[in-house]
Amino acid sequence: MEGATQGSVVCNKYTPYTLNLNAFWITAFCKINKTANKICYLGTHAKGLIEDCAMVSICNFEAMKTKRSNKSRRYRRKRTKSKSRLLLFLIPGILLLVFLGTFSYAYRQVAFLPAVQGADTTHLFLKPGLTLSRAIDLLEQKTPLRKPRLSHAYISWRGASTKVGQGRYILLPDMSMQEICNLLLSGGETPVSLTLRGLRTQGELVSFFSSYLAMSSQELSAALSDSSLCDSLGGFDTETIRCLFLPGDYSFPWNVSVEELLASMQLRYREYWTDKRRAQADSLGLSPIEVSIIASIVEEESAKRDEHGRIARLYLNRYRRGMRLQADPTVKFAAGRFDLRRITLPYLGVRSPYNTYQVEGLPPGPIRLARPSTMDSLLYSKPSNDLYMCAKEDFSGYHNFASTYAEHLSNARRYQAELNKRGIK
């Protein structure tokens, strides 16, 4: 490089290679630069593309999000409407089920289950003009209701002010409130069944009927003390009117009137006194009333029905002969001592038209309500000569009969001795 001036190119043997190498690197650098520029260009465009894709994706995501949000809102709105519709049908359905359940329970209580708490049969007596509400109040006074509020609500529904039938009602313990109301509103009262027997005085008779029927004792007593009324019923007076009442089984409405009661008794009396029986009484010289009076003495004299005919004929024999009957039962009736087991002298002296030891003939009325069978025993009794009788000393309830007074005294002594032996006074 010596001798070379500044700015000149010094050439030697390596100069060509050097130039070629430089050209290579320049060319390579240019290509690399060009490639880099392309890459940069592509990178720039790729970045934009990526950004565009990202923006598109974001937009698509937002659109999808918005679409999903709208769809979700529509779904929620639809679901809300569905819930509303469901509630619209569900609430009335529930209310209907509650109503039906309550109604079913209430109907079962009043229609099928017992209305009262008690286990006994209740007899309800209703006077005219009572309402259904008042009738149930009377029932509640006798026995408590099982469901009071429900029962009264049912009564109000049926018509609390509705009039019920008057009379006597038998309410069984297993009857429901519906059955009770139906019975009361239909007027299906239960007749009063009575068995008339064993009564002696008019007071007992009045007390018996007024105890079982709606009529007062004052009403019936006044009727039986009315001589005109008694005569209109068959020629009775205020004493013999008891002959009208024949023992037996009867059935009356609870609110039967006194007039209806007497008419019913008169019908039974006429049914017994047939033409045949009247003719038989005439053949014995007796009236129907006299037959009743003698039969009443016979019943009080002995409980042994198989000797009623003989006792009846004995009293008939004494009556025909004009003898005093001297019947001990008439002394008990006159003294008002039906529990006497021994008739002593003080009682024999009782002043009374019923004491046949003191008066002749028959008592003014029966001393007992005579059974039709006992009257038949008199009407169809066998003839006899018996004039006396005395209870047997064996206390069997039977009697020793005699046709003479001497024989009677012998029987009486044996009986009195046994009384003394047993200490009966």
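Being in contact with a Pro (Cβ under 8 Å, 6 or more places away or on another chain) and under 24 Å from LYS421 (Cα atoms), is that true of even one residue in segment 320-342?
no
Go over the candidates LEU199, LEU126, LEU139 one by one and state the one that is of a type in the set (A, V, I, L, M), surrounded by 14 or more Cβ atoms within 10 Å (Cβ to Cβ) and under 12 Å from the mean Cα position of the chain (by Cα).
Checking each option against the conditions leaves just LEU139.
Identify all residues within segment 292-318 that are of a type outside the set (Lys, Arg), surrounded by fewer than 21 Cβ atoms within 10 Å (Cβ to Cβ) and over 22 Å from THR201 (Cβ atoms); write none if there are none. First the steps, then the outcome.
First, the residues of segment 292-318 that are of a type outside the set (Lys, Arg): 292-303, 306-309, 311-312, 314-317.
Still in the list and also surrounded by fewer than 21 Cβ atoms within 10 Å (Cβ to Cβ): 300, 302-303, 306-307, 309, 317.
Within segment 292-318, ASP306, GLU307, GLY309, ASN317 meet the criteria.
Scan segment 365-404 residue by residue and report those that are surrounded by 20 or more Cβ atoms within 10 Å (Cβ to Cβ), over 25 Å from ASN420 (Cα atoms) and small (Gly, Ala, Ser).
GLY365, ALA370, SER377
Six or more apart or on different chains, Cβ atoms under 6 Å: show the pairs whose first residue is in segment 221-247 and not assigned by TED's automatic domain parsing to the domain that holds ARG371 and whose second is among the charged types (D, E, K, R) and buried (at least 20 other Cβ atoms within 10 Å of the Cβ).
PRO247/ARG371
(1) more than 30 Å from TYR354 (Cβ to Cβ); (2) touching a residue at least 12 places away in the same chain (Cβ under 8 Å): which one isn't true of ARG149, the others all being true?
Among (1) more than 30 Å from TYR354 (Cβ to Cβ); (2) touching a residue at least 12 places away in the same chain (Cβ under 8 Å), ARG149 violates only (2).
Do any residues in segment 295-315 that are closer than 14 Å to LEU369 by Cα have Cβ atoms under 6 Å from those of residues that are among the hydroxyl-bearing types (Ser, Thr, Tyr), where the two are at least six apart or on different chains, and which pairs are they?
Listed by first residue and then by second, the contacts come to ALA295/THR374; VAL298/THR374; GLU299/THR374.
So, restricting to helices (runs of 4 or more DSSP H) that lie completely within segment 331-425, which ones have at least 2 residues that are touching a His at 6+ places or on another chain (Cβ under 7 Å)?
372-379
The values are calculated or read from the model by the stated rules, or taken from the named source; none is laboratory data. Everything numeric here is computed off the predicted structure, so don't read it as measured data. Note that each Cβ is placed from the backbone with ideal geometry, even for glycine, and that neighbours are counted across all protein chains shown.
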